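Peer 1: One structure, pasted below without further comment.
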Amino acid sequence: MPVISTDNPDLTGLVGLHLWHAGLSTCSQRVRIAMAELELDFEGHLVNLHAGENASEWYQAIHPDGVVPALVDDGRLVVESIDIIDYLDRKQELPQLTPVDNDQQNIMHALMERADQAQKHLKLLTFEYLFSAAPAMDDEKAREYQSNHSNEGLKTFHRDFRAGFDRDRVSLAAVATDRDFKFLDQQLSDGREFLAGPTFSLADVAWTPNFHRFDLIGWPFERYPNLQNWFNGIRNRPSYKTALENWEPRELLELVAPRLAARKASGDGVENYIV
């Protein structure tokens with residue numbers, strides 16, 4: 001579990017739960033869902049990713065990789081969303097989001113790991129279909145981002161995005177996502193209500209932002225009837241609204257909608273990359 005030792009006095013002196021997060025960040029959404037389900041209060045610190053605040057000196061002093069989210073619990077720094085939600089659940093007595101049954105626990109942890117691995121595909125398709133329709137970061141900000149950020153992988157990704165992703169790369173991400181969704185649909189084919197069994201768990205927390213994000217870009221969920229039923233139920237949970245929908249910039253989604261419709265009509269929608 002990546003609990004990071006820090007000597008940053010701005011962090012070590014903090015009391016309670018503090019979360020550095022971003023509204024549309026799916027990893028941030030995971031943590032906010034877990035906090036809502038666990039009924040945890042926290043002090044939020046928004047990081048403007050579009051403005052490149054994650055490349056700033058002050059934020060990289062909080063999270064060494066310059067990504068969100070980052071959690072501080074009474075001066076203890078925890079990073080990586082999958083580990084953060086596990087950390088938060090373990091420190092609670094009730095309610096908990098981990099099944100009592102050992103087999104269901106194993107399923108839950110395997111699905112959490114799979115959700116973590118799926119993040120790279122979600123990120124690429126998010127930028128390709130969602131963020132590409134938003135106003136681009138201006139050239140000066142982009143240069144500052146490349147100069148100031150220490151995360152080489154993240155800098156390379158942003159350079160690739162500005163240049164335009166290769167179609168094979170988009171196809172690879174879509175096919176991998178379809179494979180994950182088929183797997184989860186099969187998991188649910190035994191009639192279970194939630195991904196790891198009969199109770200809502202961290203597996204559901206981990207995957208909910210993925211489905212929400214792909215729903216925004218028009219993913220054909222009718223291909224996975226069991227998964228679609230699961231998602232319809234998840235949407236009715238209070239945490240779905242408070243941790244995801246309430247944080248979304250509606251103006252961005254309204255801006256993106258015509259672009260998505262045009263790409264779909266031209267045969268370049270995300271469904272066209274699924275084998």
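The numbers here are math on the coordinates, done by the rules we state, and not lab data. What you see is a predicted model, and the numbers here were worked out from it, not measured in a lab. Cβ placement follows ideal geometry from the backbone for every residue including glycine, while neighbour counts extend to all protein chains displayed.
Here's the yes/no breakdown for (1) within 17 Å of Ser25 (Cβ to Cβ); (2) among the charged types (D, E, K, R); (3) in contact with an Asp or Glu (Cβ under 7 Å, 6 or more places away or on another chain):
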site: Ala176; (1), (2), (3): no, no, no
site: Lys182; (1), (2), (3): no, yes, no
site: Asp204; (1), (2), (3): no, yes, no
site: Phe211; (1), (2), (3): yes, no, no
site: Gly218; (1), (2), (3): no, no, no
site: Glu222; (1), (2), (3): no, yes, no
site: Trp230; (1), (2), (3): no, no, no
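Peer 1: Take Val72 and decide whether it is surrounded by 14 or more Cβ atoms within 10 Å (Cβ to Cβ), touching a Pro at 6+ places or on another chain (Cβ under 9 Å) and among the aliphatic types (A, V, I, L, M). First the steps, then the outcome.
Peer 2: Details: surrounded by 14 or more Cβ atoms within 10 Å (Cβ to Cβ): yes; touching a Pro at 6+ places or on another chain (Cβ under 9 Å): no; among the aliphatic types (A, V, I, L, M): yes.
It is false that Val72 is surrounded by 14 or more Cβ atoms within 10 Å (Cβ to Cβ), touching a Pro at 6+ places or on another chain (Cβ under 9 Å) and among the aliphatic types (A, V, I, L, M).
Peer 1: Within 30 Å of Ala136 (Cβ to Cβ) and of a type outside the set (Asp, Glu): which single residue out of Leu46, Leu17, Leu38 fits that description?
Peer 2: Criteria check complete, one pass: Leu46.
Peer 1: Do any residues in the range 223-243 that are over 23 Å from Glu39 (Cβ atoms) have Cβ atoms under 7 Å from those of residues that are exposed (fewer than 15 other Cβ atoms within 10 Å of the Cβ) and of a type in the set (Gly, Ala, Ser), where the two are at least six apart or on different chains, and which pairs are they?
Peer 2: As it stands, the answer is Asn226/Ser189, since those pairs meet every condition given.
Peer 1: Restricting to the range 145-168, count the residues that are crowded, with 16+ Cβ neighbours inside 10 Å and charged (D, E, K, R).
Peer 2: 1
Peer 1: Being surrounded by fewer than 17 Cβ atoms within 10 Å (Cβ to Cβ) and over 28 Å from Glu144 (Cβ atoms) is the requirement here; does Asp103 meet it?
Peer 2: Criteria met by Asp103.
Peer 1: When the range 231-241 is examined, which residues are found to be assigned to a helix (DSSP H, G or I) and surrounded by 15 or more Cβ atoms within 10 Å (Cβ to Cβ)?
Peer 2: Our first condition is that a residue be assigned to a helix (DSSP H, G or I); within the range 231-241, this holds for 231-234, 238-241.
Within the range 231-241, Phe231, Ile234, Ser239, Tyr240 meet the criteria.
Peer 1: Could you list, in sequence order, the residues of the range 28-66 that are touching a strand residue (DSSP E or B) at 6+ places or on another chain (Cβ under 8 Å) and of a type in the set (A, V, I, L, M)?
Peer 2: Within the range 28-66, Val31, Met35, Leu40, Leu46, Val47, Ile62 qualify.
Peer 1: Out of curiosity, is Arg32 of a type in the set (Lys, Arg) and buried (at least 20 other Cβ atoms within 10 Å of the Cβ)?
Peer 2: The answer is yes for Arg32.
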